[in-house]
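Right, one structure below, let's go through it.
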Amino acid sequence: MIQSILISEAQIQAKLDEIAEQIRADYGDRPLLLLAVLKGSFLVVSDLCRRLGDNVTVDFVQVSSYGNGRKSSGNVQIRKDLDINIEGLDVLIVEDIVDSGQTLDHLLQILRTRNPNSLKVFALLSKPTARVLHVPLDYVGFEIPDAFVVGYGLDFAERYRNLRDIAVLSEDESSLAP
Ligand code: IMP
């Protein structure tokens, strides 16, 4: 069950206006590939790409480390690879949330071997106190405490992705995790 709303829909949308403006200032008219990390980033990338110009393309990658539980297993695997070759491209990874940093660290290692022209990261949410591995974040939406959150693409056992706000899940429900 939802315990409380942490970040409202209006706050999310206002933050995306700001971030899109920074991205436009940084990349100008250069072609930019937004690489969304499935599944949690599907809403944020759709809202972000519509704020950017027609030099933007979108691709998806799926990396799994969680199963249905709440904590990263550290066993990170690519489930769905990109469709395109990123050699020579400017790539901006779009992450829903960076928690321990293990998922992103692994993804960055793989993508660097493919020789993009540049590789940066936008994380809508970051939990700095939960970090196990240092990962560079170029754009951050919100820094949040180390609580389990759902909504706006983020799930608990595949539920709640469709919430418009980002909310904290009650301990009762999350303790039922496998
Ligand atoms: P990390 O490898 O620990 O940084 O975990 C990153 C991934 O774990 C994210 O892309 C999410 O899929 C998932 N995750 C981490 N924290 C949360 C949360 O609070 N709610 C929902 N998913 C989360």
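The values are calculated or read from the model by the stated rules, or taken from the named source; none is laboratory data. Quick caveat, the model's predicted, so the values are computed rather than measured. Note that each Cβ is placed from the backbone with ideal geometry, even for glycine, and that neighbours are counted across all protein chains shown. Accessible surface areas use protein heavy atoms only, side chains included; no ligands, DNA or RNA. Shrake-Rupley method; radii C 1.70, N 1.55, O 1.52, S 1.80 Å.
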Practice prompt. Might you check whether a residue that is surrounded by fewer than 17 Cβ atoms within 10 Å (Cβ to Cβ) and within 11 Å of the ligand (Cβ to nearest atom) occurs anywhere in the range 109-132?
Written response: yes
Response to the item:
Residue pairs qualifying under the 6 Å Cβ cut-off, at least six apart or on distinct chains, with the first in the range 115-136 being touching a residue at least 12 places away in the same chain (Cβ under 8 Å) and closer than 14 Å to Asp26 by Cβ and the second being hydroxyl-bearing (Ser, Thr, Tyr) and open to solvent by less than 20 Å² (accessible area, probe 1.4 Å), are Phe122/Tyr139
Item to complete: Name, by its number, the condition in (1) under 18 Å from Val135 (Cα atoms); (2) of a type in the set (A, V, I, L, M, F, W, C); (3) modelled with pLDDT of 90 or more that does not hold for Ile84.
Response: (1)
Practice prompt. Have a look at Leu154, Leu163 and point out the one that is within 9 Å of the ligand (Cβ to nearest atom) and touching a Gly at 6+ places or on another chain (Cβ under 7 Å).
Written response: Leu154
